[in-house]
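Novice: The structure that follows is given in the form of structure tokens.
What follows draws every value from the coordinates through simple rules; no lab data is involved. Keep in mind the model is a prediction, meaning the values are calculated, not measured. With ideal geometry, Cβ positions are generated from the backbone for all residues, glycine too; neighbour counts draw on all protein chains shown.
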Amino acid sequence: MCGIVGYVGSEKITNSVLIDGLKSLEYRGYDSAGVATLQETGVRITKTRGKVASLEDKLQRHQIPSSTLGIAHTRWATHGIPSKTNAHPHHHGAVTLVHNGIVENYAALKEELIQVGYVFDSETDSEIASAYIDYMYRQHHNKLDALVAANKAFKGSFAFGIIFCDDEDTLYAMRRNSPLIVALKDGASFIASDVPAILKYTKQYILLGQDEIAVLNKDTQHIYNLNKEEMDHEVLTATMDAADIQKGGFEHFMLKEIHEEPRAVRDTMAAYIKDDIQDLVKNLPDLSKYNEIHIVSCGSAMYAGMIAKSLIETKARVKVDVEIASEYRYKDPILSKDTLVLLVSQSGETADTLAALLLAKEQGIDTFAIVNVVGSSIAREAKYVAYTLAGPEIAVATTKAYCTQVALLSLIALNLAYIHNRITQKEIDQIIEEIHCLPDILNELLKDEQYITAGKIISRHSNVFFLGRGLDYALSMEGSLKLKEISYIHSEAYAAGELKHGTISLIEKGTPVIAICTDERLFEKTISNIKEVKARGANVILFVREGLNVSEDYYDYKIEIPKVDMMLQGIVTVVPLQLLSYQVANLRGCEIDQPRNLAKSVTVE
């Protein structure tokens, strides 16, 4: 979600550190940006609505000097509209801060603060937080005590970067349920909401723990819990480097990341299986005791979970429910000791998914996390964890991270089919052989430009429908999401047999319908639904698996998908769907890597 960067050091380089850091976090999505630096005359705050480039220009035009202490922020509006007033940093009294997350009890705190004389300008909970910390500082006359008291008073989630105007040598940070890292390098300390912000200076960092407070100087770092006990932390080393957050010659990060899918899928699957099914048994948790699995996730991760449901239930005959994480803990889920809650999240910080995990833990239910970020909150809280090896993904719309989620979930389905004796050795050998071929298959798909003509057809329309059955329905959901989030075209996905139960009334001459047909078992049924929309004037773009023959009377344009085992079909089929969405958005001139109103990691409910 929002981006935080902070610096304290011996050199007066705040402006370059903070602006560079914010630029490296632009992928997270934002609508305003700001910087606060501690000058000899006090705190100097500069902020603007819009992009970091506008903030950088403003710093230069106003000739605002660098200093040795500063914090910066990119904001994605939650409380209050995108505006300069609502942008961070926020300042009250001695306290200036930047904030990710939501202080849920801000209204009650605001009333308390108004009673003692505070006046507020913005609509944000973050301004309330700055005033409340200042209020606590006035009472306790000690910065650490003030932060402990504020932490205990705040409800919700937060990551704060804080400076006090009477302390020119120290940067403070505090977090709960929202990620924050701390780094120390060559006479400087840094804070950031994600690793890319510090890569220019160091790859060594620590993850600030839950309800911990960091007190940072140019040479020292002290981290305390709420009992003011100093905490030790493992120093981690970032696996990414600066090249990972560059476009590498591609027009957009999204296109680059689609082209990285063969490598990402290969690395992820090779980490769990090489030549024998026993590799999976050894490298994955033993899930044999669970007779029911709840897959809990959001967005694309949920659609990856739908593919897993189709594969696990069909191949392993284990009951699977796929649940929207934002609904899960409020529906009072029925759980038993034989239930496994499987959480899927790219960042490992998705707020709703983390909340669902904590609910399961509170009830003593086993949890299994599929994440892309080592040491993330969800990874640390889950009983079991397996990592996708997608590498950093900068574009807001996920592509390679989704592919690796499907790849890993497919391996989990294969493992379950094996341990429940639902698959033959011959079938296993065939699947493993195809796993070894997958990178080459994906590379060939990337060279195939069938999607270009289809993109031209779709780009001229405002409404699109996706159809599919079974596994193909799950793929339709992801394909539809990808199209709508980056091209802003209204798109809906339907189980193919459901369209005639009302929504077919929206089909008129020329309406694009993208039909996915890779499951041979459901082929004839899907074709019958395609005939229905075609008869009503739809412009049908058919994604069909090689070897499944369809009369030209039933489609206007066809894209063929290589045939692989159904365990792996989801990985292969999604690539041209991603390329199609990219092509449509590019033709429409959309801001592909940073779609409007979207954030990369949703760390608030």
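Novice: Taking the number of other C-beta atoms within 10 Å as the exposure measure, put T48, T237, T268 in order starting with the fewest. List each step's numbers first, then the result.
Specialist: Details: T48 20, T237 8, T268 24.
Ascending number of Cβ neighbours within 10 Å: T237, T48, T268.
Novice: Test of understanding: ordering S345, S178 by Cβ neighbours within 10 Å, fewest first, what list do you get? Walk me through the numbers on the way to the answer.
Specialist: Numbers: S345 31, S178 26.
Lowest to highest Cβ neighbour count: S178, S345.
Novice: Let me ask something additional. Any chance you could check the Cα centroid distance between segment 446-478 and segment 508-529 for me, in angstrom?
Specialist: Distance between centres, Cα-based: 11 Å.
Novice: While we're looking at this one, here's another question. Rounded, prolate or oblate: which fits segment 407-464, taking a ≥ b ≥ c as square roots of the Cα gyration tensor eigenvalues, rounded meaning a/c under 1.5, else prolate when a/b beats b/c?
Specialist: Details: a/c = 4.41, a/b = 2.22, b/c = 1.99.
It comes out prolate by the Cα gyration axes.
Novice: Expressed as an acute angle from 0 to 90° and rounded to the nearest 10, what is the orientation of the C-alpha long axis of helix 566-587 relative to the principal long axis of the chain?
Specialist: Approximately 60 degrees, to the nearest ten.
Novice: With the radius of gyration and the Kirkwood radius both derived from the Cα set of segment 143-243, what is their ratio Rg to Rh? If you can, show how the numbers build up before the last one.
Specialist: Working: Rg = 13.4 Å, Rh = 13.9 Å.
Ratio value, two decimals: 0.96.
Novice: Given the pairs K447/K558; K152/K228; K456/K534; K51/K447, which are separated by over 23 angstrom at their Cα positions?
Specialist: The answer is K51/K447.
Novice: Write down, largest first, the equivalent ellipsoid semi-axes of segment 224-343 in whole Å, where each equals the square root of 5 times an eigenvalue of the alpha-carbon gyration tensor.
Specialist: Numbers: eigenvalues 182, 131, 73 Å².
Gyration-tensor ellipsoid for segment 224-343: 30, 26, 19 Å.
Novice: Let me make sure I get this right: for segment 247-446, a, b and c are the square roots of the gyration tensor eigenvalues over alpha carbons, sorted descending. Under 1.5 in a/c it's rounded, otherwise prolate if a/b > b/c, else oblate. Which is it? Present the calculation step by step, with values, prior to reporting the outcome.
Specialist: Details: a/c = 2.01, a/b = 1.15, b/c = 1.74.
Oblate shape, in that a/c is at least 1.5 and b/c is the bigger or equal ratio.
Novice: So how tilted is helix 261-270 from the main axis of the chain? Cα-based, degrees 0 to 90, rounded to 10.
Specialist: With both axes taken from Cα atoms, the answer is about 90 degrees.
Novice: How about segment 479-520: which trypsin sites (Lys or Arg not before Pro) there lie in a loop by DSSP and see at most 16 other Cβ atoms within 10 Å?
Specialist: Values: sites: K482, K484, K500, K509; in loops: K500, K509.
Taking segment 479-520 and a limit of 16 other Cβ atoms within 10 Å, the loop trypsin sites (Lys or Arg not before Pro) found are K500, K509.
Novice: Can you compute the equivalent ellipsoid semi-axes for segment 476-588, i.e. the square root of 5 times each eigenvalue of the Cα gyration tensor, sorted largest first and rounded to whole Å? Walk me through the intermediate numbers first.
Specialist: On the way: eigenvalues 79, 75, 32 Å².
Calculated on Cα positions only, the semi-axes equal 20, 19, 13 Å.
Novice: Counting residues in segment 293-364 as N, plug N into 2.2 N^0.38 Å and put the Cα Rg over that result.
Specialist: Values: Rg = 11.6 Å, N = 72, 2.2 N^0.38 = 11.2 Å.
Here the Cα radius of gyration is 1.04 times the empirical estimate.
Novice: If you don't mind, there's one more thing I want to ask. Give the span of segment 536-605's Cα atoms along each principal axis, as three whole-Å numbers ordered largest to smallest.
Specialist: 46, 33, 21
Novice: While we're here: So what is the 222 nm mean residue ellipticity for the chain from helices alone, if each DSSP H run of at least 4 adds -39500 (n - 2.57) and you divide by all residues, rounding to the nearest 500 deg cm²/dmol? Walk me through the intermediate numbers first.
Specialist: Working: 18 runs with 221 residues, N = 605.
Computed ellipticity for the chain at 222 nm equals -11500 deg cm²/dmol.
Novice: Using square roots of five times the C-alpha gyration tensor eigenvalues, list the equivalent-ellipsoid semi-axes of segment 3-241 in whole Å, biggest first.
Specialist: Numbers: eigenvalues 113, 93, 57 Å².
Working from the Cα gyration tensor, I get semi-axes of 24, 22, 17 Å.
Novice: With the contact rule set at Cα under 8 Å and sequence spacing of 6 or more, what percent relative contact order holds for the chain? Display every interim value, and only then the final one.
Specialist: Values: 1335 pairs, mean separation 75.4, N = 605.
Answer for the chain is 12 percent.
Novice: Let me ask you something else. What FRET efficiency comes out for R263 versus K531 if R0 is 35 angstrom and r is the Cβ-Cβ distance? Round to the nearest 0.05. Each step should come with its number before you reach the end.
Specialist: On the way: r = 40 Å, r/R0 = 1.15.
The value I calculate is 0.30.
Novice: Ok, one more. Greater than 28 Å separation of Cα atoms is the criterion. Which listed pairs, K58/K110; K309/K337; K247/K315, meet it?
Specialist: Numbers: K58/K110 31 Å; K309/K337 20 Å; K247/K315 40 Å.
Violating the 28 Å limit, Cα to Cα: K58/K110; K247/K315.
Novice: Please compute the alpha carbon radius of gyration of segment 1-116, then divide it by the globular-protein estimate 2.2 N^0.38 Å. Two decimals is fine. Could the numbers behind the result be given before it?
Specialist: Values: Rg = 14.3 Å, N = 116, 2.2 N^0.38 = 13.4 Å.
It is 1.07.
Novice: So, how do all the Cα-to-Cα distances of segment 443-486 break down into 10 Å bins, in percent, from 0 on up?
Specialist: Binned Cα distances yield the sequence 22, 47, 30, 0.
Novice: Using alpha carbon coordinates only, what is the Rg to Rh ratio of the chain, with Rh defined as the Kirkwood radius?
Specialist: Ratio of gyration radius to Kirkwood radius for the chain: 1.00.
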